[in-house]
Amino acid sequence: MREPFEYAVIRLVPRVERGEQINVGVLLYCQARHFLGARTHLDADRARALAPDVDLEAVAAALGSWDRTCGGDGPARTMKPGERFRWLAAPRSTMIQAGPVHTGLTADPAAELDRLMDALVR
């Protein structure tokens, strides 16, 4: 049976004032399947094309925090998965941002997350 899910593309905006961005991951939440996950992939060449001086180590560390937050590490420990999704998907003006939230139906949230990564990021 397919269940509703929500997802947002994770974007790298190396120079917020310019608004240029590349997709670096996907955040997916499926309440019915108790699933919250993030997958990320940083293409260093694409990032440097937008901002040659971008700190790739800092970006990689920030992206790693998305996965840890999905798992409930740190301040997210006391939050429910839906609250964590909303926190991560909230608008922000940092180098790592979530795009608009979209919806769909899936029988396998993890496979859907991988499909979206292939379609939208890789």
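Values in this text are rule-based calculations from the coordinates and carry no lab data. Because the structure is a prediction, the values reported are computed rather than measured. Don't worry about glycine lacking a Cβ; one is built from the backbone with ideal geometry, like all the others, and counts go over all protein chains shown.
Overview of results
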quantity: Selected residue (criterion: nearest to the chain's Cα centre (by Cα)) from residues of region 94-110 that are buried (at least 19 other Cβ atoms within 10 Å of the Cβ) and within 14 Å of Leu36 (Cα to Cα); calculated: Pro109
quantity: Residue list for region 9-24, restricted to those being in contact (Cβ under 8 Å) with a residue 12 or more places away in the chain and either closer than 19 Å to Ala61 by Cβ or not charged (D, E, K, R) (or both); calculated: Val9, Ile10, Arg11, Leu12, Val13, Pro14, Arg15, Val16, Gln21, Ile22, Asn23, Val24
quantity: Filter result for Ala107 (small (Gly, Ala, Ser) and closer than 20 Å to Val13 by Cα); calculated: no
quantity: Qualifying residue in region 21-31 (condition: under 30 Å from Arg2 (Cβ atoms), touching a Phe, Trp or Tyr at 6+ places or on another chain (Cβ under 6 Å) and not hydrophobic (A, V, I, L, M, F, W, C)); calculated: yes
quantity: Scan of region 62-81 for residues that are surrounded by 13 or more Cβ atoms within 10 Å (Cβ to Cβ), in a helix (DSSP H, G or I) and over 12 Å from the mean Cα position of the chain (by Cα), ordered by number; calculated: Ala76, Pro81
quantity: Residue within region 7-15 that is more than 11 Å from the chain's Cα centre (by Cα), of a type outside the set (A, V, I, L, M, F, W, C) and under 24 Å from Trp87 (Cα atoms) present; calculated: yes
quantity: Any hit, region 54-61, residues being in contact (Cβ under 8 Å) with a residue 40 or more places away in the chain, in a strand (DSSP E or B) and of a type in the set (A, V, I, L, M, F, W, C); calculated: no
quantity: Count of region 102-122 residues which are in contact (Cβ under 8 Å) with a residue 60 or more places away in the chain, within 26 Å of Val54 (Cβ to Cβ) and either outside any loop (DSSP other than H, G, I, E, B) or touching a helix residue (DSSP H, G or I) at 6+ places or on another chain (Cβ under 6 Å) (or both); calculated: 4
